[in-house]
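**Student:** Sharing a structure below in structure tokens format, with a few things to ask.
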Amino acid sequence: MATIQGFPVVLLPGPRGVRLVSTARLRDPVLNALIDTEEERRAIEEIESFSSGRLTAERRGTTSIGAGEFVRAVPHAAFINASFAYFRPRELNRFNGPERGAWYASLTGTATCVAEITWHIERELARIDRFETRIEYAELFASFAGEFVDLRDLPADPACLDPDTAVGYQAGNALADAVRRKGINGIVYPSLRDPDGTNLVALFPHAVQSVAQGDVLELRWEGKPGPIVRRVVA
């Protein structure tokens, strides 16, 4: 069996995963309300092409992602590409840094996604000491196939799964760099926020396949940790 840094590489049979994205990404551009003719539409699209980080990345690439890596002519390509074109500019995530995004998803359902998002949002709310906010997220389902590093069922948790982000995120990015260099699609790993959850991170746009939108969820904080979660009826 192939390994990377001692971790097994497995061939996934195409499991379906779910990711939550802010519904702000689903809304039509504000300037669409000003469009009356096809000529105006082309002008607005040209403006957007120079002001959108995603479109600029698709056209020119970024410092760490070549333009040829982005997917084209597939359903919801914009969502796939955006997850790689946008990233936290000064902070690490577990398996990606400030120069390259990734597609994180849960293989165990939306509840795991909510647990993951809740942890990140509440970390920010704690910084401002105000647990008052409301955010809507849309489910995005996708399939994954091919080779992935498998961190499940190991005899001991590796450093990249350390709950201390100062430790885990550094080690996770080092592993992700090694995985990308080998051309492996990504990493499957146990969720740190949901004890029964399993997550996946796809490290290349082409590894995210057959994207389809699901329901919209509202997460609302009303003065204390622990959001009220409800499905929004369209």
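**Student:** So S51 ticks every box in (1) surrounded by fewer than 12 Cβ atoms within 10 Å (Cβ to Cβ); (2) at pLDDT 70 or above but one. Which box is left unticked?
**Tutor:** The number of the failed condition is (2).
**Student:** Also, I was wondering about something else. Output the residues belonging to the range 116-156 that are surrounded by 14 or more Cβ atoms within 10 Å (Cβ to Cβ) and either without any contact (Cβ under 8 Å) to a residue 12 or more places away in the chain or not hydrophobic (A, V, I, L, M, F, W, C) (or both).
**Tutor:** Selection gives E116, T118, E122, T133, E136, Y137, E139, S143, G146, E147, D150.
**Student:** All but one of (1) of a type outside the set (A, V, I, L, M); (2) outside any helix (DSSP H, G or I); (3) at pLDDT below 90; (4) crowded, with 17+ Cβ neighbours inside 10 Å hold for E58, so report the exception by its number.
**Tutor:** Exception for E58: condition (2).
**Student:** Taking strands (runs of 3 or more DSSP E) that do not extend beyond the range 189-232, which have at least 2 residues that are farther than 21 Å from L107 by Cα and in contact (Cβ under 8 Å) with a residue 60 or more places away in the chain?
**Tutor:** Working: elements: 198-202, 209-222, 228-232.
Once the strands (runs of 3 or more DSSP E) in the range 189-232 are filtered for at least 2 residues that are farther than 21 Å from L107 by Cα and in contact (Cβ under 8 Å) with a residue 60 or more places away in the chain, what remains is 209-222.
**Student:** I want to confirm something. Restricting to the range 83-97 and keeping residues that are in contact with a helix residue (DSSP H, G or I) (Cβ under 6 Å, 6 or more places away or on another chain) and more than 15 Å from T63 (Cα to Cα), which single residue is surrounded by the most Cβ atoms within 10 Å (Cβ to Cβ)?
**Tutor:** F95
**Student:** Moving to a separate point now. Considering only residues of the range 139-164 that are under 18 Å from the mean Cα position of the chain (by Cα), among the small types (G, A, S) and modelled with pLDDT of 95 or more, which is farthest from I121 (Cα to Cα)?
**Tutor:** Out of the qualifying residues, it is S143.
**Student:** Has the range 105-113 got at least one residue that is touching a helix residue (DSSP H, G or I) at 6+ places or on another chain (Cβ under 7 Å), in contact (Cβ under 8 Å) with a residue 24 or more places away in the chain and among the hydrophobic types (A, V, I, L, M, F, W, C)?
**Tutor:** No - not one qualifying residue is present in the range 105-113.
**Student:** Please go through the range 71-83 and give me each residue that is out of contact with any Phe, Trp or Tyr (no Cβ under 7 Å at 6 or more places or on another chain), at pLDDT 90 or above and of a type outside the set (A, V, I, L, M), ordered by number.
**Tutor:** Within the range 71-83, R72, H76, F79 qualify.
**Student:** Can you work out which of the residues in the range 126-174 that are of a type in the set (A, V, I, L, M) and touching a strand residue (DSSP E or B) at 6+ places or on another chain (Cβ under 7 Å) is farthest from T110 (Cα to Cα)? Quick ask: steps written out before the conclusion?
**Tutor:** Start the filter on the range 126-174 by keeping residues that are of a type in the set (A, V, I, L, M), which leaves 126, 128, 135, 138, 140, 142, 145, 149, 151, 154, 156, 159, 161, 166-167, 171, 174.
Among the residues that remain, those that are also touching a strand residue (DSSP E or B) at 6+ places or on another chain (Cβ under 7 Å) are: 135, 138, 140, 142, 145, 149, 151, 161.
Numbers: I135: 15, A138: 10, L140: 10, A142: 13, A145: 20, V149: 22, L151: 21, L161: 21 Å.
Ranking the qualifying residues of the range 126-174, first place goes to V149.
**Student:** Inside the range 157-181, can you point out the residues that are charged (D, E, K, R), crowded, with 16+ Cβ neighbours inside 10 Å and part of a helix (DSSP H, G or I)? It would help to see each step written out before you state the result.
**Tutor:** We begin by selecting, within the range 157-181, every residue charged (D, E, K, R); these are 157, 162, 164, 177, 180-181.
Now drop any that are not crowded, with 16+ Cβ neighbours inside 10 Å, which leaves 162, 180.
Hit for the range 157-181 is R180, nothing else.
**Student:** Within the range 101-137, can you find the residues that are modelled with pLDDT of 95 or more, under 13 Å from the mean Cα position of the chain (by Cα) and among the small types (G, A, S)?
**Tutor:** Selection gives A102, A105, S106.
The values are calculated or read from the model by the stated rules, or taken from the named source; none is laboratory data. Worth saying up front: this structure is predicted, and the values here are computed from it rather than measured. Every residue, glycine among them, receives a Cβ derived from its backbone with ideal geometry; neighbour counts consider all protein chains shown.
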